[in-house]
1. (1) in contact with a Pro (Cβ under 7 Å, 6 or more places away or on another chain); (2) open to solvent by 80 Å² or more (accessible area, probe 1.4 Å): which one isn't true of C338, the others all being true?
2. Scan segment 407-417 and tell me whether some residue there is of a type in the set (V, I, T), touching a residue at least 24 places away in the same chain (Cβ under 8 Å) and assigned to a helix (DSSP H, G or I).
3. Can you name the condition, by its number, that V354 falls short on among (1) at pLDDT below 95; (2) closer than 21 Å to D423 by Cα?
4. Residues that are assigned to a loop (DSSP other than H, G, I, E, B) and under 14 Å from the mean Cα position of the chain (by Cα): does segment 251-272 have at least one?
5. Look through E416, E428 and report the one residue that is out of contact with any Gly (no Cβ under 8 Å at 6 or more places or on another chain) and modelled with pLDDT of 95 or more.
6. Being touching a residue at least 60 places away in the same chain (Cβ under 8 Å) and under 19 Å from K248 (Cα atoms) is the filter; apply it to segment 308-335 and report the residue that is most open to solvent (accessible area, probe 1.4 Å).
7. For segment 127-162, name all the residues that are among the charged types (D, E, K, R), open to solvent by less than 80 Å² (accessible area, probe 1.4 Å) and away from ligand 2 (no atom under 16 Å from the Cβ).
8. Find the residue count for segment 419-443, including only residues that are open to solvent by 40 Å² or more (accessible area, probe 1.4 Å) and either among the aliphatic types (A, V, I, L, M) or assigned to a helix (DSSP H, G or I) (or both).
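The values are calculated or read from the model by the stated rules, or taken from the named source; none is laboratory data. Please read these numbers as outputs of a predicted model, since none were measured by experiment. Because the Cβ atoms are built from the backbone with ideal geometry, glycine has one as well, and the counts that use them run over all protein chains shown. Surface accessibility is based on the protein's heavy atoms, side chains included, excluding ligands, DNA and RNA. Shrake-Rupley method; radii C 1.70, N 1.55, O 1.52, S 1.80 Å.
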Amino acid sequence: MKVLVVGGGAREHAICKAVARSKDAELYCAMKNLNPGIVRLAKNHLLTNETDVSKIVDYAKKKSICLAIIGPESAEEAGIVDELKKAGIPAASPTKGAALIETDKEFMRKLMKKHKISGRLGAESFSDPAKAREFIEKNDLNVAIKPLGLTGGKGVRVGGDHFTDIEGAMGYVNEVLSNSIGGKSKVLIEEKAAGEEFTIQAFSDGKTTLPMPSVQDHKRLLPGDNGPNTGGMGSYSQADGLLPFMSKSDYEEAATIIQTIVESLADEGTPYVGTIYGQFMLTTNGPKVIEINARFGDPEAMNVLSLLETDYIEICKAMVEGTLHEKNVSFKKQATVCKYVVPEGYGVKSMEDVLIEVDEKAVADAGAEIFYASVNERGGQIYTTSSRALAVVGVADTIDEAEVICEKGLANVKSEHIFIRHDIGGKELIQKRINNINSLRGN
Ligand code: AMP
Ligand code: GLY
């Protein structure tokens, strides 16, 4: 079966590895950088911008692709799934209409309100700065200010973290409104939730959802969760599919929210097919929805796909055919730790075209696995772009052991100009998270 994966990041490298493990899949890829991991796995690739829908659809037709999997939300927003469908090529990813759950935060909040989905935070959108100011003052600055559209995970400003007075908050509100950050001269302001964040991803065929192990991402650039928000610096998961601060009922509550969102989208006439991603804050009142994404998370894809035992293409076929209720999806009962290697200055002003030496054999000998991200291969050497360069993943029975394996792998990735958040998956940071939840619960 000829399968096309769109996207050239580490998430897509993980997707491509899962496709390549499938018995009868032949892999094709469309990406904007020459990801060496993907190039090696693919029978053929097209080098193009991931939003160049007509070029990618033409390529898919020419190569007689039978199934497409879309990595990045930007391609979904550009309508790639709709156009592939018109050409008779099914995709295990959402249409432009269903992807609105990520590409339009106002749409998502309205959907939750209309269908009375639990896990809601108080939220309103504004185009009038005076009304926005009233809302922020009423909430005592305890708000998150969000552009409505896509900003690569870097558009959110949270009270107490990114601003500490009304001038700071209004400065950002006015910036979003006057520059139409995220595509519209409108801003979403949401009640701030206190707790610990976690991710649950699920496969969806439009009716049934099958949730995957939960993962905790680390958005902040610097150790101890300091510095600006990034696309995600690394992530971990625990052998039982839960997290050290999370109970089974918290997990089930969040998974039910995802199922309800999928049911609501079906009611609205835009059934959601593909992987759906929920980012939650575990609060003293249970999980609250921070964000819903229309794709695998990056880095979270590396955690769950490293554990997936069921044939991924079989799952994709069931999503497309609407037969997920007949499927059993199983994951290894192991823990994972994933850490990203980024170019120096990432998150502020990245150095570009930095040479990285990767001893792939030594990484494999350490028991770790590499997922290449936004790098290019030239003359047998790996060079960074301005984005995250590559991720290393360790898998073991416990988070501690997986972290050690991940670090042993990372020791074989060398450059004068790279940065890694070494604290991810470490005992100290995990204990801090457990303490945070305990203190919020008054324990
Ligand atoms: P997002 O791009 O929506 O994932 O937001 C980036 C980060 O901002 C999240 O990972 C959270 O840490 C934080 N954040 C977003 N919304 C809220 C909220 N309502 N309350 C507290 N923190 C939030
Ligand atoms: N890890 C966050 C995201 O993929 O949006």
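1. (2)
2. From segment 407-417, those of a type in the set (V, I, T) are 413; that's our starting set.
In the following step, the residues that additionally are touching a residue at least 24 places away in the same chain (Cβ under 8 Å) were identified as 413.
Narrowing the set further to residues that are assigned to a helix (DSSP H, G or I) leaves none.
No.
3. Result: V354 passes all but (2).
4. We begin by selecting, within segment 251-272, every residue assigned to a loop (DSSP other than H, G, I, E, B); these are 268-272.
If we keep only those that are under 14 Å from the mean Cα position of the chain (by Cα) too, we end up with none.
Within segment 251-272, not a single residue is assigned to a loop (DSSP other than H, G, I, E, B) and under 14 Å from the mean Cα position of the chain (by Cα).
5. Numbers: E416 fails: modelled with pLDDT of 95 or more.
Result: E428 is the single residue among E416, E428 that is out of contact with any Gly (no Cβ under 8 Å at 6 or more places or on another chain) and modelled with pLDDT of 95 or more.
6. Going through the qualifying residues, I end up with K333.
7. The initial filter retains those residues of segment 127-162 that are among the charged types (D, E, K, R), namely 128, 131, 133-134, 137-138, 140, 146, 154, 157, 161.
Keeping just the survivors that are open to solvent by less than 80 Å² (accessible area, probe 1.4 Å) gives 128, 146, 157.
Correct list: D128, R157.
8. 10
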